[in-house]
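First comes the structure, then the notes that go with it.
The values are calculated or read from the model by the stated rules, or taken from the named source; none is laboratory data. On a predicted model such as this, the values are computed, not experimentally measured, just so you know. With ideal geometry, Cβ positions are generated from the backbone for all residues, glycine too; neighbour counts draw on all protein chains shown.
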Amino acid sequence: DKAAQRDNEEETADDPRKLKPGEIDPNPETKPARPDPIDMDEDELEMLSEARARLANTQGKKAKRKAREKQLEEARRLAALQKRRELRAAGIEIQKKRKKKRGVDYNAEIPFEKKPAPGFYDTSEENYQSLDADFRRLRQQDLDGELRSEREGRERKKDKQHLKRKKESDLPSAILQTSGVSEFTKKRSKLVLPAPQISDTELEEVVKVGQASEIARQTAEESGITNSASSTLLSEYNVTNNSIALRTPKTPAAQDRILQEAQNLMALTNVDTPLKGGLNTPLHESDFSGVTPQKQVVQTPNTVLSTPFRTPSHGQEGLTPRGGLTPKAVVGTTPGRTPLRDKLNINPEEGMADYSDPSYAKQMEKESREHLRLGLMSLPAPKNDFEIVLPENAEKELEEHEVDEAFVEDAADIDARKQALREAERAKELKRMHKAVQKNLPRPSDVNETILRPLNVEPPLTDLQKSEELIKKEMITMLHFDLLHHPFGEQPSGKKGKGPGFGSNNAEHMAYLEQNPYEKFSKEDLKKAQDLLAQEMEVVKQGMGHGELSSEAYNQVWEECYSQVLYLPGQNRYTRANLASKKDRIESLEKRLEVS
């Protein structure tokens, strides 16, 4: 055709870049390498000829015609697609015509299918898998499940959205989160220390004794008296003598339980037959004490309790306490109190007395009472002068309380507390609703007010009939109230949905409630009414001689009552079976068969 001729003409035209006959190529290395068929094998020659044929197929006239036809077909398809879209936008829907397949469609039906005849047993309630396979569920991505990359990408998007919302609501915490600080620095709690073993009074007493000794020694040194007696009496108390410091006691060597058990196993393995008789195999004592770690309390020795320069006496006790001693009758000093260091043995010995003598105990008790009485008599007269002093940490505690009051509560805690309050209010409101609304039972979409009898009739209504009419009137008022505020499509939790009574006439209900207002009763009144009903039921039950109703009788009554009610799927409501037409009965039975 003309396009191919034009291409051939362009190829034959003079090109200044091409070499003329007789010229030598100055740069032969830039030319593409041409195959040399002289040194090729047979398979290589075949491959070369096939490549030349493929190249000719892409550059020949037929290939160019095929490309033009393909381009025209694509343009025709795009034009038709644009036309359909414009018609659809204008409201004109054109369905694409599908060609009818001749013969059997093996994807839609089973050839030569023969259904089995119905048997003796009911198979209507059996579940069968559908024969039509859902090929959309058989894709590779559905079979493999969710990929890890997809799950991580979804979580990453959630994190970005959460961080964006956090920046909008709480910018400081979002900045801290992005900077690497996950949460605010928590306020440190108070440091709880154990009670001191040495009281302030004991420390003051030790300081006073040391100061008095130091003043006396300085006075003796300033007077210039270098007497050995003065140096002996006035000793140095500044530095504690560490030469007598006890070393940490060595812990007792623990027994190797594993070695003992191994020896026991070896001995039991090498036991001879018990028919020989003799003694049993000697074994180590085995128990479970080595399984759990034993807690050993190691105490640090108190070097202050020892007095190195004290004159030893015959009554001094050793490390091992003597047995059979009677406890002291007098009250001793505070346990753990720091004793006074006494190099000259001035303090009286406590181990000199014989505590086993009963007369000594009586004498000590008498002296202690006398000492206590003299001490009480020497007390000064009481004074009413007192002074109130705040503790040192009172101001700090006040500041801490102020900080606690200024503390900003977490938004998540605020939302959780509000949600809990809303749930409590919703539960309280649900308890105030009627039982039918609480249990989400089906309720009528229209109220039938024709069940009420006229009051002014002849003969007049009896008291029992009047009470029945009052109950019916209250029931109709409750139905109007529920249809106005809690229609059947609305869930008790507040979620609304379209149900049978969704489109009820609210103006009609409001007009009825204006003429007959809905009265709300308290829990006490409802409880009293329930008690009265329960008492009346017991009276009727005893008077009529009614017993406990069996489940068979209850099911029979239920089936009889249920058979009198018919559901109409076309009208989406229930009605009496004797009022329904034959067509409605057939539709109801078909619907029941589909559901079952």
Point to revise | Residue that is modelled with the lowest pLDDT [pool: residues in region 546-567 that are out of contact with any helix residue (DSSP H, G or I) (no Cβ under 6 Å at 6 or more places or on another chain) and hydroxyl-bearing (Ser, Thr, Tyr)] | key: Ser550
Exercise for review: From (1) closer than 30 Å to Asp134 by Cα; (2) surrounded by 11 or more Cβ atoms within 10 Å (Cβ to Cβ), pick out the condition that doesn't hold for Gly60.
Suggested key: (1)
Review point. Give me the pairs: first residue in region 145-163 and closer than 28 Å to Ile175 by Cβ, second residue surrounded by 10 or more Cβ atoms within 10 Å (Cβ to Cβ), beta-carbon distance under 7 Å, and six or more apart or on different chains, which are they?
Key: Leu163/Ala174
Check your understanding: Conditions: (1) loosely packed, with under 10 Cβ neighbours inside 10 Å; (2) of a type outside the set (Gly, Ala, Ser); (3) touching a residue at least 60 places away in the same chain (Cβ under 8 Å). Asn572 meets all but one. Number of the miss?
Key -> (1)
Review point. Which condition number does Pro442 fail, the rest of (1) under 28 Å from Asn506 (Cβ atoms); (2) modelled with pLDDT under 80; (3) in a helix (DSSP H, G or I) being met?
Key: (3)
Practice item. Just give me the residues in region 579-596 being modelled with pLDDT of 85 or more and polar (S, T, N, Q), in sequence order. Key: Ser581, Ser588
Study note, to complete from the structure: Of the residues in region 462-500, those that are part of a loop (DSSP other than H, G, I, E, B), out of contact with any helix residue (DSSP H, G or I) (no Cβ under 6 Å at 6 or more places or on another chain) and either at pLDDT below 65 or surrounded by 13 or more Cβ atoms within 10 Å (Cβ to Cβ) (or both) number 13
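How about region 578-596: which of its residues are aliphatic (A, V, I, L, M), in a helix (DSSP H, G or I) and either touching a Gly at 6+ places or on another chain (Cβ under 6 Å) or more than 24 Å from Glu125 (Cβ to Cβ) (or both)? Talk me through it step by step, then tell me what you get.
First, the residues of region 578-596 that are aliphatic (A, V, I, L, M): 579-580, 586, 589, 593, 595.
Applying the additional criterion that residues be in a helix (DSSP H, G or I) yields 579, 586, 589, 593, 595.
Within region 578-596, Leu579 is the sole residue that qualifies.
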Exercise for review: Inspect region 131-148 for any residue being assigned to a helix (DSSP H, G or I) and over 55 Å from the mean Cα position of the chain (by Cα) and give the result as yes or no.
Suggested key: no
**Study point:** The one condition in (1) in a helix (DSSP H, G or I); (2) out of contact with any helix residue (DSSP H, G or I) (no Cβ under 8 Å at 6 or more places or on another chain) that Glu126 fails to fulfil
**Key:** (1)
